[in-house]
1. Pick out the one residue from Ser120, Ser58 that is closer than 17 Å to Ala234 by Cβ, small (Gly, Ala, Ser) and at pLDDT 85 or above.
2. What number of residues within region 29-44 are at pLDDT 80 or above and not in a strand (DSSP E or B)?
3. Return the total of residues in region 226-250 being more than 16 Å from the chain's Cα centre (by Cα), among the polar types (S, T, N, Q) and under 18 Å from Asn49 (Cα atoms).
4. Report, ordered by the first and then the second residue, all pairs with beta carbons closer than 8 Å, sequence separation of six or more or different chains, a first member in region 270-292 that is within 21 Å of Gly59 (Cα to Cα) and modelled with pLDDT of 75 or more, and a second member that is among the polar types (S, T, N, Q) and part of a loop (DSSP other than H, G, I, E, B).
5. Inside region 222-311, counting only strands (runs of 3 or more DSSP E) that do not spill past its ends, which hold 1 or more residues that are in contact with a helix residue (DSSP H, G or I) (Cβ under 9 Å, 6 or more places away or on another chain) and of a type in the set (Lys, Arg)?
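The values are calculated or read from the model by the stated rules, or taken from the named source; none is laboratory data. Everything numeric here is computed off the predicted structure, so don't read it as measured data. Ideal geometry is used to build each Cβ from the backbone, glycine not excepted, and the neighbour counts take in all protein chains shown.
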Amino acid sequence: MHSHRRPPRAAARVAAIVAVAAGLSALVSAPARAQDSSREGFEIGLSTNKISIGSDFSGARLVVFGALDNADAKLLRQQRYDIVVVLVGPRQPAVVREKKRTFGLWINRGSETFTSVPTSYSLAATRPLADVTRPELRERLSLGIKDLQLDNPPPPGPAGLSAVDLPAGEKRAQANISLKERRAKSESGAATLPLPSRPADQYAQALKRIRESKGLYNQTVGSVSFVSPTLFRADLQLPADLPTGTHVARAYLFRSGVFIREASEPLRVVKSGIESWIDNFATDHGVLYGISAVILAIFTGWFGRLVFKRD
């Protein structure tokens, strides 16, 4: 009997093909295993899904609960996970105006229009935001009052937008240098003086300061804590003049400064009692509400004149 042997060249070719296939299989399966091992689950829940505002409402505290699934035990022991929770109020248009004293009178000298501004903003974090992640990511996710992004001002819109007056002394910057030019100068190593921010940025920062002074914008550090290795809670303080509407609670999970995932839950804020009835009546029957308000004002003035009439 004669045995047929495969030529050495053909055998080497087959071995090379098998080796390449095995290498590709390892390269494909390794990222898949790494991705599966790094998929932490993330769920949140609110202590209440509805807040009723009455005449005696003086603020409230909202508790956000959450749980981590498939979390790395070693990273948990090293406290490498960070959580930031924010509650964003309904967005509304706003006009920011600058006032300046001229000949003893306060006159509007400039204004900027924003089409979508959060009416309220509350934040809680495990650590200072500067230690949680890098500035570029905080700006992209609008984490923190400083990095809260407002819409770019469009051309002047219709009348009837809510207005906020700037304090005295707020002046518009004259320089408007693009971000690309500033980065180019920075990368070239040229010595440059600090450049003033764009006018829209100054108006946006002034709007944030005003709402922060009223308690509508607030943030706290250390108010998110782990009650167990995988369970956490966040305490958010809500102001007394909390706006009505649908608010959104968002929780952001970070691992060693890297953003992993986000979870969100809605929160309804409604009026209750006589305030709710008046608000619904004014919304559904605007003409009758206006007529009733005029009649009530006339009656109140007439009745007051009778009571305080001097003989």
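1. Within the list Ser120, Ser58, the selection yields Ser120.
2. The number of residues fulfilling the criteria is 1.
3. 1
4. Final answer for the pair search is Val270/Thr244; Lys271/Thr244.
5. Answer list for region 222-311: 245-255, 258-271.
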